1. In whole percent, what relative contact order does the chain give with Cα contacts below 8 Å and a gap of six or more residues?
2. For the stretch 295-330 and the stretch 438-473, what is the centre-to-centre distance using only Cα atoms, to the nearest Å?
3. Would you work out which of F324, I290, P344 lies farthest towards the positive end of the dipole of the stretch 281-361, given +1 charges on the beta-carbon of Lys and Arg and -1 on that of Asp and Glu, about the Cα centre?
4. Any idea how far apart N259 and R464 come out in nm if each label point goes 7 Å out from Cα toward Cβ?
5. Set the Förster distance to 51 Å, then compute FRET efficiency between R160 and E389 from the Cβ-Cβ distance, nearest 0.05.
6. So if R0 is 45 Å, what FRET efficiency would I177 and A72 give, r being the distance between their Cβ atoms, rounded to the nearest 0.05?
7. R289 label point, 7 Å along Cα→Cβ, cut-off 11 Å on backbone N: hits in the stretch 304-329?
8. Could you give P(r) for the stretch 349-404, binned at 5 Å from zero, as whole percent values over all Cα-Cα pairs?
Amino acid sequence: MIFRNIHSGTCRAWLSRVSLRQELCFFSSVPPQPVPPLAQTLQGYLRALEPLLPLEELSHTRRIVHDFGRPAGLGTQLQEGLEKRARLNKNWISDWWVQRAYLESRQPLPVHSNAAISLPRRDFNDWRSQLVFASRLIAAVLDFKAKINTGQLPVEFMRRKPLCKELYPLLFSSCRIPGPKHDYIAHYGRSRRSPTHITVVRNYQFFQLEVYNSDGSRMTESQIHGQLLRIRSQSWKTDKEPMGILTSEHRHTWGEAYNRLLRDKLNQESVRMIETGLFSLCLDSPVMRISDEKYASRKAAQVLHGGGTFSNSGNRWFDKTLQFVVGEDGSWGLLYEQATAEGPPVATLLDHVIEYCEKPDTKRAPLLPLPMPKKLYFHIDREIKRDIEHAKQNLDILINDLDVNVFNFKKFGKNLPKQHQMSPNSFIQVALQLAYYRVHSEVCSACDIATQRMFRGGRTEYIRSPTKQGLQFILAFDNPSVSVRKLLEDFCSLDSECVYFLGVMCFGPLVPDGYAVCYNPQADHIHFSITAFNCCEDTNAERLARTLRDTMCHLQEMLQPTV
């Protein structure tokens, strides 16, 4: 089984404001990503296998690795090829990473690829307040984009080293395009006439909303709010044919439907407006609230996939890089397509949005007549209607197969391990691995995600979380004769302080018999989300969540024993 974990520690950043001149200096000083020495790569590979393989198999693997790394061996030849590639490219691995990890995957984007960030519920429960907040959110995102355009975005640092900022401009006016064998990313913001509109979706209907005035200034919140009221007045009823559902299909299937769709000129124009828009805003109907305990899970699932074809899934265009979701019940979040950028730049954007939304609106709306938002129409023939029906069935099957469990662990937060000179991230990692062992009676392959943005054009890299020291701790934890605290201290040596944002991430497992676990540690509590597929009899998100809670309490008892 594979247990996948992404945590907000991948968004570690220390922000400080610098001048534009300093910013350009930092940008140019970010070094290219080096190719690790072959010996280091092979040693890391063997270290990752040590806690997972039996001794006989591990010995066999060591012999193969030794032959591979000989001076005249295949490994040396491949290493030379990588080093040559590194000399000729700004980043030797990022293009490969994007191609292999994302664009060549043929699985549907919802659940399998797109990531959702569910944010704390806003204090409203009606459509009027929904539109007021949505107007402020749009203004906040446009303000962030303006800072990118004018070079005012703060430089981020990790361990006093500046991070690459190349990904930020690519977040806007970008979209994934389906292809027969692999997809590609279209970046429309690079054109001479950069797009000035966003897409707003309500009741499965798409609208083109211009967000800049004729003089080039950004629209104020009150102007945007007036336009959203116009959109609401044009979208009272749910559209019978939810076009966005098509983007949830298997990539090859969607690619064929995409080509059929674009045979019609009207469809071409509408799809083009969605793809070129700066970002999308999804105005969702309320999340069904069965109980307070289940609400957080349902809220995260709504952002991730829309809740199904009878809920809000028709309000998504899953190929779009940025889709902000605002529900009528105060739920909100962001769904993003990861081929353009992974979590850290997106988290920085959300951090700015949250900060902006807490400030009062002091801008006056200019007395300018505004054009009506343009509704995007589609010509739906018999083939397209059939494609939509198939997509609806497949998406509902996928959504019903995904078990989402989101909870807030309130017994303690990151301050507890820090008080004992332990890394909060490593502490939670070992708790996850111990919980998995208690559920499944075995140690599994697990990976964490780390940013590579300290290098030019850097994306992310997997960290193989299980270690020999971690395995020793897990096997010894219930043995009273072993000093497990010393083992835990060795595994969880304190690293640098991290900055964590407010929400919790959510996405589906990498493999059918795996888990995806995301966590966000705050000072006195920790947000968790766990997903698994119901079709797998071995995995169960609720059972792992329950065991994780108990395990965290047992670790606390070990560090703070009660008399």
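The values are calculated or read from the model by the stated rules, or taken from the named source; none is laboratory data. These numbers were taken from a predicted model, which means no experiment stands behind them. Because the Cβ atoms are built from the backbone with ideal geometry, glycine has one as well, and the counts that use them run over all protein chains shown. SASA here: full protein model, heavy atoms, side chains in, ligands and nucleic acids out. Shrake-Rupley method; radii C 1.70, N 1.55, O 1.52, S 1.80 Å.
1. On the way: 1023 pairs, mean separation 138.2, N = 563.
About 25 percent, as a whole number.
2. Taking the Cα centre of the stretch 438-473 as reference, the centre of the stretch 295-330 is 29 Å away.
3. The one lying farthest along the dipole's positive direction is I290.
4. 4.1 nm
5. Details: r = 56 Å, r/R0 = 1.09.
Once the sixth-power term is evaluated, E becomes 0.35.
6. Numbers: r = 44 Å, r/R0 = 0.98.
It comes to 0.55.
7. Backbone N within reach: 329.
8. Percent of Cα pairs in each bin: 4, 11, 9, 8, 9, 13, 13, 12, 13, 9, 0.
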